[in-house]
Amino acid sequence: MSSVKPEIRRITTHQLQEMKNRGEKIAMLTAYDYSMAKLIDRAGIDVVLVGDSASNVMAGNETTLPITLDQMIYHATSVVRAVKRALIVVDIPFGYYQGSSGEALRSSIRIMKESGAHAVKLEGGSEVKESVLRILSAGVPVMGHLGLMPQSIYKFGTYAVRAKETDEANRLLEDAQLLEECGCFGLVLEKIPSELAGRVARKLRIPVIGIGAGPEVDGQVLVMQDMLGITQEFKPRFLRQYADLNKTINDAVRHYVSDVKSRKFPDDSEKY
Ligand code: KIV
């Protein structure tokens with residue numbers, strides 16, 4: 001019997017397109033570090049997003065705005081070391097692509113070169129068109145992000161559902177089509193009405209991944225710490241919690257503290 005392990009086939013942007021074409025849903029989660037990225041990759045996740053939500057869940061900031069490009073590259077580099085199968089997409093953080101398309105290209109090149117990730121994601125529609133085109137011209141795959149865009153939270157003023165009104169819904173549809181025409185390989189839609197998200201997904205050829213955008217899209221993305229129940233304060237309607245790691249970790253650490261204090265740990269089998 002051969003001891004050669006079968007090669008793990010890497011998910012590519014082309015495979016995501018094929019998944020949409022054959023109606024197979026795409027599963028995407030965030031990750032920001034080696035250990036968790038390795039776990040979710042081995043569990044069969046299709047796309048790992050090194051999201052700028054790292055600013056919230058890893059650094060404890062109130063918004064995604066403070067995280068820097070260097071910090072995103074640090075997180076992405078750790079994730080890249082762990083992931084063998086999934087496609088790795090990295091958010092370009094706030095302030096590193098809005099200034100000019102040249103800046104957007106430089107930021108993307110740094111992400112790709114220094115981390116080894118496979119694609120970048122940025123927020124916005126027509127206002128980022130030049131940047132999207134410039135990044136794509138360098139051969140870097142781009143994923144769009146419309147609907148609730150956390151980098152614009154101070155403009156929106158709230159994390160409420162976006163595009164409920166016809167004007168904003170029509171603009172979102174136009175922006176989605178524009179991003180596809182520019183050459184984006186995929187699009188994230190965050191917190192918009194399910195019916196609108198379904199319309200976008202049916203209109204676009206490229207995969208549309210939703211978060212709080214209902215079931216009629218081509219895939220789903222969640223922040224890992226939220227779906228594992230590590231985050232406690234954040235419980236929007238769209239969030240399905242698949243585990244209660246907050247409780248599990250709390251119980252384990254209390255048990256450990258108690259064992260250390262009561263001298264139950266370490267025992268004879270745990271010493272040299
Ligand atoms: O940063 C992030 O985690 C994201 C997802 C919410 C899509 O952009």
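Every number here is computed from the coordinates shown, using simple stated rules; none is lab data. It should be emphasised that the depicted structure is a prediction, and the values quoted were computed from it without experimental measurement. A quick note on method: Cβ atoms are made from the backbone with ideal geometry, for glycine too, and the neighbour counts reach across all protein chains shown.
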Those residues of the range 198-222 that are out of contact with any Phe, Trp or Tyr (no Cβ under 9 Å at 6 or more places or on another chain) and without any contact (Cβ under 8 Å) to a residue 24 or more places away in the chain come to a total of 5
Of the candidates VAL188, VAL200, the one satisfying the condition of being in a strand (DSSP E or B), among the β-branched types (Val, Ile, Thr) and closer than 17 Å to ILE26 by Cβ is VAL188
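For (1) over 26 Å from GLY210 (Cβ atoms); (2) in contact with an Asp or Glu (Cβ under 6 Å, 6 or more places away or on another chain), each residue gets a yes or a no:
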site	(1), (2)
LEU39	no, no
ASN61	no, no
VAL83	no, yes
ILE109	yes, no
Kindly check whether there is at least one residue in the range 177-184 that is in contact with a strand residue (DSSP E or B) (Cβ under 9 Å, 6 or more places away or on another chain), over 27 Å from LYS235 (Cβ atoms) and within 16 Å of the ligand (Cβ to nearest atom).
yes
Exception for GLN225 within (1) outside any loop (DSSP other than H, G, I, E, B); (2) within 14 Å of the ligand (Cβ to nearest atom); (3) touching a Gly at 6+ places or on another chain (Cβ under 8 Å); (4) touching a residue at least 24 places away in the same chain (Cβ under 8 Å) falls at (3)
